[in-house]
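Before I ask anything, here is the structure I am working with.
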Amino acid sequence: MVSERHSDGGALVTALFLEAIRLNGSLTAEVDAMTADLGLTSARWQVLAHAAGAGRARTVSGIARRMGLSRQNVQRIADELAAADLVSFAPNPDHKRAKLVIATPEGRDANAAAHARQVRWSNGLGADVSPERLQAALTVLQTLRGALEQARASSDAAG
């Protein structure tokens, strides 16, 4: 039986993806702790931020596309936010069934408070890494995400 082997680049991509998964877990736990007293979790805050800061109202599907998540998952979170009076649903003049998700005044306040905490936290965390290294890491992650999205789009078009 022949076993597949990673190229040097493939092994590094695998190591990077595994580290990104671990980083995501750490970031999620940190944001959950940072926003718990605001009635938010990392997932709730992401949806709320799109509703509060989009510059225009968005549908659940629009938020899901921008976040790279399923519509169903974002709908569940939006419903939780609505139950907590952090967002409301408004009629959409462009679509009868797809309501717009709009942050309430309480939601805008919670989003602003979470954002202020995140800025202080990011500034502290970023103080120990040079801007050049952070930019290089960001560029690599964006490049890999773009390649994955392009491969997915090609696969979807072929299938």
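The values are calculated or read from the model by the stated rules, or taken from the named source; none is laboratory data. Just so we're clear, the structure is a prediction, and the values are computed from it rather than from any experiment. Ideal geometry is used to build each Cβ from the backbone, glycine not excepted, and the neighbour counts take in all protein chains shown. Note: areas computed on protein heavy atoms with side chains; ligands, DNA, RNA excluded. Shrake-Rupley method; radii C 1.70, N 1.55, O 1.52, S 1.80 Å.
Under a crude label model (7 Å from the Cα following the beta-carbon direction), how far is residue 150 from residue 19 in nanometres?
2.3
Run the helix sum for the chain: -39,500 (n - 2.57) per DSSP H stretch of 4+ residues, divided by residue count, reported at 222 nm to the nearest 500 deg cm²/dmol.
On the way: 6 runs with 111 residues, N = 159.
Value at 222 nm, helices only, nearest 500: -23500 deg cm²/dmol.
Going by alpha carbons, how many degrees (0 to 90, nearest 10) lie between the helix axis of 8-35 and the longest principal axis of the chain?
30
Go ahead and collect, in residue order, the members of the range 119-152 whose backbone nitrogen is under 14 Å from a label point 7 Å along the Cα-Cβ direction of residue 26.
122, 125-129, by backbone N distance to the label point.
Highest mean first, how do 16-23, 70-77 rank when packing is the count of other Cβ atoms within 10 Å averaged over residues? Don't jump to the answer; show the numbers that get you there.
Working: 16-23: 11.5, 70-77: 16.4.
Answer by packing, highest mean first, reads 70-77, 16-23.
Quick one: Debye curve from the alpha-carbon atoms of the range 16-75 only, equal weights, vacuum; give me log10 I(q)/I(0) at q = 0.14 Å⁻¹ to two decimals.
Per q value, in the given order, log10 I(q)/I(0) is -0.46.
So if each residue of separation counts as 0.36 nm, and I subtract the Cα-Cα distance between residue 65 and residue 115, what length gain in nm does that give?
Details: separation 50, 0.36 × 50 = 18.00 nm, distance 2.17 nm.
Gain in length upon complete extension: 15.8 nm.
What accessible area per residue, rounded to a whole number of Å², is obtained for the range 1-102 using a probe radius of 1.4 Å? Walk me through the numbers before you get to the answer.
Values: 6730 Å² over 102 residues.
Per residue, the range 1-102 has an accessible area of 66 Å².
Round to the nearest 10 and give me the degree value, 0 to 90, for the angle of helix 131-158's Cα axis relative to the longest principal axis of the chain.
That works out to roughly 90 degrees.
Measure nothing but the geometry: give the 0 to 90° angle between the long axis through the Cα atoms of 42-53 and the longest principal axis through the Cα atoms of the chain, rounded to 10°.
Its long axis makes an angle of about 60 degrees.
Summarise the accessible area of the range 20-130 (1.4 Å probe, protein heavy atoms) by the percent that is carbon and sulfur. Kindly include the intermediate steps, with their values, before the conclusion.
Working: 3520 of 6580 Å².
Exposed carbon and sulfur together represent 54 percent of the surface.
Could you give the length gained on full extension between residue 82 and residue 127, defined as 0.36 nm per residue of separation minus the Cα-Cα distance, in nm? Mind showing how you got there, number by number?
Details: separation 45, 0.36 × 45 = 16.20 nm, distance 3.67 nm.
Separation in residues times 0.36 nm, less the Cα-Cα distance, equals 12.5 nm.
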